[in-house]
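Every number in this text was worked out from the coordinates using simple rules, so none of it is lab data. A quick note: this is a predicted structure, and the numbers were derived from the prediction, not measured. Glycine gets a Cβ as well: all are built from the backbone with ideal geometry, and neighbour counts include every protein chain shown.
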Amino acid sequence: MTGTNIRGIIVLILLVAAVLSTAALYVFRPDLFLLRGGLSEEEQKKMTDTALHLAAQGRSDEAVAQAELVMRGSSEPNFVARSVVDTGKFMSGDARKRIEAVQLTKETYTLSKTNYEKALQVNKLLGYINAAFEPFVFDEVFVGEPFQSFLVQDDAATSIRNLAEYSISLYPTTEAQFRIGQWYTDRIRNLYGDWNATPAQKKEYAGEIAKVIASADALLPQELKTVEGRPFEYMVEPRFLFWKSYLYGVMARVQPEYLEDAKIALDALVKLNETTRDEKGAPIPLIASRLPYTYFNYALALYDVQGTDAKAEINKYLNALMTLVEKDPAVHQGYYLAFLREGGARSKADWERYYKGYIDLSELNPNFKEFLIKYGEISK
């Protein structure tokens, strides 16, 4: 056999090996072949529906993997897939993925063609800040314009308010409205500054919060219509009830009669969590992720207004909080448990200031103290 023939056989063998390797990759890693434009609209819809279902069930890693295939296989930005990816990455609780979620959301903001779409992305950023008040998330949100221009050094509450006002200027939503109310709660509770408000000033701030709630109440019916058919549309009302319960609870520190309104909103959120189902008829754990905060905020409002006289009722809500989280901790990794982990990472001075309510209630309920130690390594 001549050298030419041998070389020809070798080339043929190499070509066959390359084809077989490519075929094997296609079988075992089809995602590598999903180049931009490689998925039809029907395929994208089917895959994003699956990803949305996985995200609603708290299966964030699976949801992200599915949605990223759609992003790679679509010729134009697929905003549903992008929403699943940034939400799923943030829900994971992993610090690196949370930063990626913020960056992707800001990229989606830039790609968005309408003010409404842009406002929704700004609202997501506000939600990411509030989830656990992690400094690295806060810092990442305010990198680059237009976000950097809203940052006020050493004043987180006003920075958040500025971002919320920007969202409202793009398109009014209940979520952004409530962040204005959050600014007034800080003036009442002294969480992020020593405002030393007088009783008269606190009453005035409570009045401003009441205006915010009234404005949000007026916005909600139209907002529910506008959001129909959008990813995570079922989260508008749970967020609305969470904020309403929290704001009323803070107002109750000034005017105790608002405590009942806080409870009404909490009860409505509990019922919503129990009755809402996704398109496949399954419960939506993502809604449940709002409840631990709401249970705690109401329990603390009870304590601040009624003291230890309300011990039995306070423990009722703390026990409900613990039962919910223990039932499926994975659902709460990116939200409430991240908040507790952030608390555990703070200095003792920060803990005694920003988490004082947790100290007070853990002394009232030993089981809650053990719960905090387990999930946040706090109060040891």
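Hey, what angle do you get for helix 366-376 against the long axis of the chain, alpha-carbon based, 0 to 90 degrees rounded to 10?
30 degrees
To the nearest 0.05, what FRET efficiency results for T110 and E42 with a Förster distance of 22 Å applied to their C-beta separation? Intermediate results must be reported in sequence, preceding the final value.
Values: r = 28 Å, r/R0 = 1.27.
The computed FRET efficiency comes out at 0.20.
Testing the spin-label approximation: label points 7 Å from Cα along Cα→Cβ at Q222 and S347. State their distance in nm.
4.7 nm
Would you compute, for the Cα atoms of the stretch 41-92, the largest minus smallest coordinate along each principal axis and list the three values in descending order, in whole Å?
The principal-axis extents, from largest down, are 28, 16, 13 Å.
GNM on the chain, C-alpha springs below 10 Å: top fluctuator among V85, V143, V270?
Sorting by GNM fluctuation, first place goes to V143.
Run the simple label-point estimate for R277 and K356 please: 7 Å along Cα→C-beta, distance reported in nm.
4.7 nm
Please work out the FRET efficiency for the pair K374 and D61, using the Cβ-Cβ distance as r and a Förster radius of 35 Å; give the result to the nearest 0.05. Numbers along the way, then the final one.
Numbers: r = 23 Å, r/R0 = 0.66.
Once the sixth-power term is evaluated, E becomes 0.90.
Note the count of lysine pairs whose C-alpha atoms are less than 18 angstrom apart in the stretch 69-137, limited to pairs 8 or more residues apart or on different chains.
Working: K89/K97; K89/K106; K89/K124; K97/K106; K97/K124; K106/K118; K106/K124; K113/K124.
Lysine pairs meeting the criterion: 8.
Could you calculate the FRET efficiency of Q201 with D309 from 1/(1 + (r/R0)^6), where r is the beta carbon distance between them and R0 is 22 Å, rounded to 0.05? Each step should come with its number before you reach the end.
On the way: r = 27 Å, r/R0 = 1.24.
Working from the Cβ atoms, E equals 0.20.
In nm, what is the difference between 0.36 nm times the number of residues separating K327 and R230 and their Cα-Cα distance?
On the way: separation 97, 0.36 × 97 = 34.92 nm, distance 2.88 nm.
The K327-R230 span can extend by a further 32.0 nm.
Is it possible to state the helix-based mean residue ellipticity at 222 nm for the chain, with each DSSP H run of 4+ residues giving -39500 (n - 2.57), the sum divided by total residues, to the nearest 500 deg cm²/dmol? What is it?
Numbers: 19 runs with 277 residues, N = 380.
About -23500 deg cm²/dmol.
Tilt of helix 336-345 relative to the longest C-alpha principal axis of the chain, in degrees (0 to 90, nearest 10)?
The angle comes out at about 80 degrees.
Counting Lys +1, Arg +1, Asp -1, Glu -1, what net charge surrounds A197 among other residues with beta carbon under 9 Å of its beta carbon?
Neighbourhood net charge equals +1.
Residue separation times 0.36 nm, minus the C-alpha to C-alpha distance between K316 and D194: what's the value? Write down the numbers at each step before the final one.
Values: separation 122, 0.36 × 122 = 43.92 nm, distance 3.21 nm.
Result for the pair: 40.7 nm of gain on full extension.
Please order S40, S92, S60 by the number of other Cβ within 10 Å, starting at the fewest.
Details: S40 11, S92 21, S60 26.
In increasing order of surrounding Cβ atoms, one gets S40, S92, S60.
Which aspartates and glutamates, on any chain, are close to K280 with Cα under 12 Å apart, when same-chain ones fewer than 8 places away are left out?
D49
Projected area of the chain, taken from the Cα convex hull and averaged over every viewing direction, in nm²? Kindly include the intermediate steps, with their values, before the conclusion.
Working: hull surface 96.7 nm².
Over every viewing direction, the Cα hull of the chain projects on average to 24.2 nm².
With labels modelled as points extended 7 Å from the Cα through the Cβ direction, what inter-label distance (nm, one decimal) is found for I264 paired with E76?
My value for the distance between the label points is 4.5 nm.
Return one number: the angle in degrees, 0 to 90 and rounded to the nearest 10, between the long axis of the Cα atoms of helix 41-56 and the longest principal axis of the Cα atoms of the chain.
Around 40 degrees separate the two axes.
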